[in-house]
């Protein structure tokens, strides 16, 4: 039986960690360990983790704060599994998730990254009725670049061999390899996925079902859109030497999708002017989102404009019309 490791990066998550760990303990697949990486928490995170460590399947690793990428790298270094999953400490795995992904990887030896769709929850962990329903098959590097079908950091279960294929040891790191780039505090997921797709033969493939409950934190979203976009652009600059022709062809459309995504984040935070600015920039960069996903792009533009001109009440009417259209794709 394939042995699996589940890595839980944990930084000041005392409010949600217990629920996450209880869901992981309830996995129907038997052969697994849980590695909690306490990333320099200053609240009660460590005490909660220690309460769960009575379960022999759970180990705790402590470190000074290194960020999400650093916590994942530490977890991978400590992991004993042939496959490795990541579950952020405010997200939930449904009981059958690990079993489904292990079976998928065992049946498909060329697949390095198995992922699924995700149901979205609010700050309180209540399902919103929305979901990430990404493309599952025939995924090329261009699909990852434009729409990141993996979707979020709690959706993927990955072969250890695929991670080892992208491992590197920067000069500043004396003790372990990096898989995720720790210089990124945002866009670390897509940087890793795209680097793997461009530099290895491992395939990405999804399985049906909303097997992760992914928490969307309200408030402060649009204030981060500039930093998110800057991180994304730095990712493009870093990876472009791997395949200059690929980036020359695909970057305009991918940038447009990224700007549209950030516009929707700004809409969620009720920042109409920023949302309008971002969606206009997206369309100016490339018409690909308008041609390939005309309804979603039009709804984003309409929501941003309604919010900017008429306020939140008008936005609710626009988004009520779009309720069923916002749920497809990894980046909403």
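Quick look at the values:
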item: Of all residues making up the stretch 185-223, the number that are assigned to a loop (DSSP other than H, G, I, E, B), at pLDDT below 95 and out of contact with any helix residue (DSSP H, G or I) (no Cβ under 6 Å at 6 or more places or on another chain); result: 5
item: Total residues in the stretch 224-277, condition free of Cβ contacts under 8 Å to residues at least 24 places away in the same chain and not in a helix (DSSP H, G or I); result: 0
item: Output for the stretch 89-104, where each listed residue is in contact with a strand residue (DSSP E or B) (Cβ under 8 Å, 6 or more places away or on another chain) and surrounded by fewer than 23 Cβ atoms within 10 Å (Cβ to Cβ); result: 90, 94, 96, 100, 104
item: Selected residue [surrounded by 15 or more Cβ atoms within 10 Å (Cβ to Cβ), assigned to a strand (DSSP E or B), in contact with a helix residue (DSSP H, G or I) (Cβ under 9 Å, 6 or more places away or on another chain) and at pLDDT 95 or above] from 180, 115; result: 115
item: Hits in the stretch 21-38 (condition: over 17 Å from residue 83 (Cα atoms) and touching a strand residue (DSSP E or B) at 6+ places or on another chain (Cβ under 6 Å)); result: 23, 37, 38
item: Filter result (touching a helix residue (DSSP H, G or I) at 6+ places or on another chain (Cβ under 8 Å) and over 12 Å from residue 207 (Cα atoms)) within the stretch 94-111; result: 94, 95
item: For residue 277: the one exception among (1) crowded, with 21+ Cβ neighbours inside 10 Å; (2) more than 26 Å from residue 140 (Cβ to Cβ); (3) over 21 Å from the mean Cα position of the chain (by Cα); result: (1)
item: Selection from the stretch 91-107 of residues that are under 23 Å from residue 147 (Cα atoms) and either in a loop (DSSP other than H, G, I, E, B) or more than 19 Å from the chain's Cα centre (by Cα) (or both); result: 91, 104, 105
item: Residue that is surrounded by fewer than 20 Cβ atoms within 10 Å (Cβ to Cβ), on the phi > 0 side of the Ramachandran plot and either touching a strand residue (DSSP E or B) at 6+ places or on another chain (Cβ under 7 Å) or not assigned by TED's automatic domain parsing to the domain that holds residue 293 (or both), where the choices are 108, 143, 148, 138; result: 138
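The values are calculated or read from the model by the stated rules, or taken from the named source; none is laboratory data. This is a predicted model, so every value here is computed, not measured. Cβ coordinates were reconstructed from backbone atoms using ideal geometry, including for glycine residues, and neighbour counts include every protein chain displayed.
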